[in-house]
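The values are calculated or read from the model by the stated rules, or taken from the named source; none is laboratory data. Treat the numbers as computed from the prediction; the structure is a model and nothing was measured. Here the Cβ positions follow ideal geometry from the backbone for every residue, glycine too, while neighbour counts run over all protein chains shown.
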Amino acid sequence: MKKENSPIAITAIIAGVILVIAIMVLVTVNSVIPISKNVVTVQGSSTIHVTPDLITVYYTIETNGSTSAIAKDANSEIYERLQNTIVSIGFDKEDLQTQNYNIYPYYYWDSSYDKQRQDGYRAIHSLKMELSTGDMNKLSSLIDAGANSGAGISSINFELTTESQNKYKAEALKAASQDAQTKADAIAAGFNKRAGKLISVQVSEFGYYPWNVYSRTVSAGASEDSIQLAKESVMNISPGEQEISGMVSATFALQ
């Protein structure tokens, strides 16, 4: 008879141990993470106003040739002229930075034969020049440098240096966090409670985008009209204040 009850006793002991462990885990979890009715989640946001400290001019050199070598050599000639002009203005060669360089077969659709045909090769060299907003008086010369060398101006932006981005990002997110705390305190007070321990926080957004003042799809070279338009676009604009936003999501314990 005792042998028959032995498996039952063992099973009961195991079940009891599992139950004790489950209770201990539940108590531990509840002590660390409050149940949903004891927390409040809020969105904190902020907007700060900043002044751009960087101007970036983007050039595109586009050349064609019956062979890849011809397209490449033609592109290199324009690049060298642009580089030399940049130096004559007072910049260093290294200030003209390559963003992308590509040579590829150029294809077009021949509707007469209803088929795709190759028409030589195309070389595209994308570059940029950065200058401080304090040197804005040199911007017109940089635009002319592109025109005189045969390079096109694809876009001109007012931007922030990396140092400024980091600085303003910290300010925007700090202000957003303070806004989240204020909201949590107000909500908790409405329920005769107070916002206690910070349970979790998540950065939802840091809104920064360069401010484009001129943009154009560039083919080989640059027309006088496009160069004049680029000059007018930037000369009539001063780098005034722009908005940067920050947003965080925070969960607080209600006490």
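Identify the single condition in (1) modelled with pLDDT of 90 or more; (2) assigned to a strand (DSSP E or B) that residue 205 does not satisfy, given that it satisfies every other one.
(1)
For region 61-114, name all the residues that are assigned to a strand (DSSP E or B) and either over 31 Å from the mean Cα position of the chain (by Cα) or among the acidic types (Asp, Glu) (or both).
Step one: filter region 61-114 for residues assigned to a strand (DSSP E or B), giving 61-65, 96-110.
Selection gives 62, 64, 65, 105, 106, 107, 108, 109, 110.
Is it the case that residue 131 is under 20 Å from residue 73 (Cβ atoms), assigned to a strand (DSSP E or B), within 24 Å of the chain's Cα centre (by Cα) and modelled with pLDDT of 90 or more? Let's see the steps before the verdict.
Values: under 20 Å from residue 73 (Cβ atoms): no; assigned to a strand (DSSP E or B): yes; within 24 Å of the chain's Cα centre (by Cα): yes; modelled with pLDDT of 90 or more: yes.
So residue 131 fails the test.
Hey, can you tell me all the residues within region 139-174 that are of a type in the set (A, V, I, L, M, F, W, C) and surrounded by fewer than 18 Cβ atoms within 10 Å (Cβ to Cβ)? Can you show your working first?
In the first step, residues of region 139-174 are kept if they are of a type in the set (A, V, I, L, M, F, W, C); the result is 139, 142-143, 145, 147, 151, 153, 156, 158, 160, 170, 172-173.
Within region 139-174, just 170 meets the criteria.
Scan (1) over 24 Å from residue 147 (Cα atoms); (2) surrounded by fewer than 14 Cβ atoms within 10 Å (Cβ to Cβ); (3) hydroxyl-bearing (Ser, Thr, Tyr) for the single condition residue 88 breaks and write down its number.
(1)
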